[in-house]
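The values are calculated or read from the model by the stated rules, or taken from the named source; none is laboratory data. Because the structure is a prediction, the values reported are computed rather than measured. Positions of Cβ are backbone-derived with ideal geometry, glycine not excepted, and every protein chain shown enters the neighbour counts. With ligands, DNA and RNA removed, areas are computed over all heavy atoms of the protein, side chains included. Shrake-Rupley method; radii C 1.70, N 1.55, O 1.52, S 1.80 Å.
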Amino acid sequence: MEVSRLSALSESVIDIAKGEDLKTSLKLLVENAVAISGATYGALGAIGKDGSLEEFTYVGLSEESADEIASFPEGKGLLGHLLMHPIALRVNSIQSHSASVGFPSGHPSMSSFLGVPIRIRDEIYGSLYLTEKRDGENFTEEEEQLVSAIDSA
């Protein structure tokens, strides 16, 4: 395992342990997960009281690009699948997964996907989503384990 990925994992654990304000901690968690996995895009969706995605923290997408997206995720498709089944999910093609429902207008093209549940004090808080490896490859089992380790922090 590369030293830089171990360093990013350590930084993520330290950032969470610092107990900064929640919004800052979540953004740092997503940034570190993107660095660890080599993803282009990363996001964390928090679950609302009604079970849908309430808050969405993302990285890798400019504000201009985000403004072009017709609607942000509500917890359908793969994101909803992960909310209903809070275990790590790694797929090579989002579109080929049976839970896929497609993307809203203006959404960037994405294929590979790695999602893991995020717990706070043993309660499911939401899910971490990573897409589009920068090297064009698929997410690996090692990356899944590293990103899943963030949840155990």
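Set side by side, the residues Pro86, Pro73, Pro104 differ, and just one is in a loop (DSSP other than H, G, I, E, B), open to solvent by less than 50 Å² (accessible area, probe 1.4 Å) and at pLDDT 75 or above, which is Pro86. Across region 119-131, the qualifying residues are those that are β-branched (Val, Ile, Thr) and surrounded by fewer than 21 Cβ atoms within 10 Å (Cβ to Cβ), and the one among them that is modelled with the lowest pLDDT is Ile120.
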